[in-house]
Amino acid sequence: MKIETNAGMLKTALKALKPVVEKRFTIPVLNMVKCAGGSLTATDLDCEFSVSLPATAFEGEGLLPFREMLALTSVLSADEPLTITIDAAGGPAVVAGRDGRYRLPTAKVEDFPHISLPDKREHITVDGEALRQAIGYVLPFASGEETRYYLNGVCLFGHAVVATDGHRLALCEGVNAHDFKNLIIFTKAAKLLAGMPPVTSLGVSGSGLRIVAAAGGMRLVAKLINGTYPHVRRVIPKDAPAAEFDRVALTGALNRLTALSPRNAVMPVSVVSDGSAVALSAKNFDDVSGDERHAAAGAPISAVFNARYLRETLRMVRGDTVTMSQIEPFAPVVFRTGDEKRLLLLMPMRSHDDMIDRARGFLGAASDEKAAAA
């Protein structure tokens, strides 16, 4: 094998492969990248990702150690010309620059595993940019729990993309004209797909357990999660009355209240609105508590949330105003900002009636004080 390129282009290609190469693979060959056909390829057996490498010469094929190559190119100047060779006898990989010569371990190229692909695949036309944005929007709500493995990624179903961890849900409608067939893409592959240039089609195996996407010199082959995704539309309330809040004021109040709790502790926060004002109340396990009152509009709402989940939800919301829709107290709450194609849903915490009463009491007391002052 012989490749002539420069350190900058090689480093760029290697960094694109970094999400695929785990820090500690027990199978040595998985710590290698395959150089063949003008591209570098990495795999973790569930996901295979290829990136084209600009080169003045690219002959044959071989394996290079990922971490050593990335470390080397990171300390060389970007314009440093490199010639990489591996002899036919399978000796070490030799990387030659202007003034240096470096020898790195290699392995048999035939030992590099590839994800099998059936010859028969369905090619689905997609709006690549809309798909990228939708995946990026919902992905923070994907689960990381091993017990419900089918939630460890995003699901493409109907014309929508969705992700949920059972407590939170993000959904983006109208992503594509094509009716997706419940394709569950695990988190790592979804991140790679969202980071690629917009694709124009997805290749899906007949079994629905493999997906292929290619664009801009990048190619992704990934196994899909074999499972049944929950019927998420059943938990999304329809025609629920909405309460309206100032997003910045609500976020600021939440930040101040959660500052009272130890970092990473589960802290319940109640949100109660009477249509003209909203009260937020928080209390940690050391009986440290706080309450705030702010302006609101629209329908009443009563819910208790995990403070961290609520903060992350508000962080994802864009715009000056946020609406919360709820059928009844303690029911799931839908967050929107005027974009009817996107929504976030948060499940309330149970067994916290005292927090609701606390917020209602503070809301009433604050109203009485305001009336007395007037």
- With a 1.4 angstrom probe the carbon and sulfur portion of accessible area for the range 249-373, in percent, totals 50 percent
- Message: Which residue fluctuates most in the GNM of the chain (Cα springs below 10 Å): GLU146, GLU68, GLU328?
- Response: GLU146
- Item | Karplus 3J(HN,Hα) series, Hz, for the range 308-319 with 6.51 cos²θ - 1.76 cosθ + 1.60 (x for Gly, Pro) | 5, 4, 5, 5, 5, 5, 5, 5, 7, 6, 10, x
- the range 84-152-the range 310-338 distance, computed between alpha-carbon centres (Å): 37 Å
- Query: Given that just one value was derived from the coordinates, which of [x] 26.2, 92; [y] 20.6, 69; [z] 22.2, 78 is Rg and Dmax of the Cα atoms in Å?
  - Reply: [x]
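Excluding ligands, DNA and RNA, what is the solvent-accessible area per residue of the range 1-102 at a probe of 1.4 Å, expressed in Å²?
On the way: 4730 Å² over 102 residues.
On a per-residue basis, the range 1-102 sits at 46 Å².
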- Using the structure shown, list the pairs from LYS23/LYS108; LYS191/LYS283; LYS23/LYS283; LYS2/LYS23; LYS11/LYS120; LYS18/LYS108 with a Cα-Cα distance above 32 Å, or answer none. LYS191/LYS283; LYS23/LYS283; LYS11/LYS120
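With the other protein chains left in place, how much accessible area per residue, in square angstrom, belongs to the range 234-359 at a 1.4 angstrom probe?
Working: 6080 Å² over 126 residues.
Per-residue value: 48 Å².
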- Under 5 Å between amide H atoms, partner at least 5 residues away or on a different chain: which partners does MET32 have, H built in plane at 1.01 Å? PHE66
- Note on the structure: Rounded to the nearest Å, the spacing of the alpha-carbon centers of the range 261-293 and the range 192-227 is 43 Å
- For the range 229-355, with equal point scatterers placed on the C-alpha atoms only and solvent neglected, what are the log10 I(q)/I(0) values from the Debye formula at q = 0.09, 0.17, 0.21 1/Å, to two decimals? -0.23, -0.84, -1.29
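Want the number for ASP111 to LYS15: 0.36 nm per residue separation, take away the alpha-carbon distance, what's left?
Full-extension gain reported as 32.3 nm.
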- Message: Can you give me the distance in nm between label points at ALA177 and ARG234, each placed 7 Å from the Cα along the Cα-to-Cβ direction?
- Response: 3.3 nm
- Per-residue HN-Hα couplings for the range 282-289 [Karplus 6.51, -1.76, 1.60; θ = phi - 60°; Hz; x = Gly/Pro]: 9, 8, 9, 6, 9, 6, 7, 9
- Message: Once R0 is set to 22 Å, what does the formula 1/(1 + (r/R0)^6) return for the Cβ-Cβ distance between ASP357 and ALA242, expressed as a FRET efficiency to the nearest 0.05?
- Response: 0.40
- Message: If I take R0 = 41 Å and measure r between the Cβ atoms of LEU104 and GLU129 in this structure, what FRET efficiency does the formula 1/(1 + (r/R0)^6) give, to the nearest 0.05?
- Response: 0.60
- Report, in deg cm²/dmol and to the nearest 500, the calculated mean residue ellipticity at 222 nm for the chain, where each DSSP H run with n ≥ 4 adds -39500 (n - 2.57) and the sum is divided by the residue count. -7000 deg cm²/dmol
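The values are calculated or read from the model by the stated rules, or taken from the named source; none is laboratory data. Just so it is clear, the structure is predicted and the values come from calculations on it, not from any experiment. No Cβ is skipped: glycine too gets one built from the backbone with ideal geometry, and neighbour counts run over all protein chains shown. The area values use the complete protein model at the heavy-atom level, side chains included, leaving out ligands, DNA and RNA. Shrake-Rupley method; radii C 1.70, N 1.55, O 1.52, S 1.80 Å.
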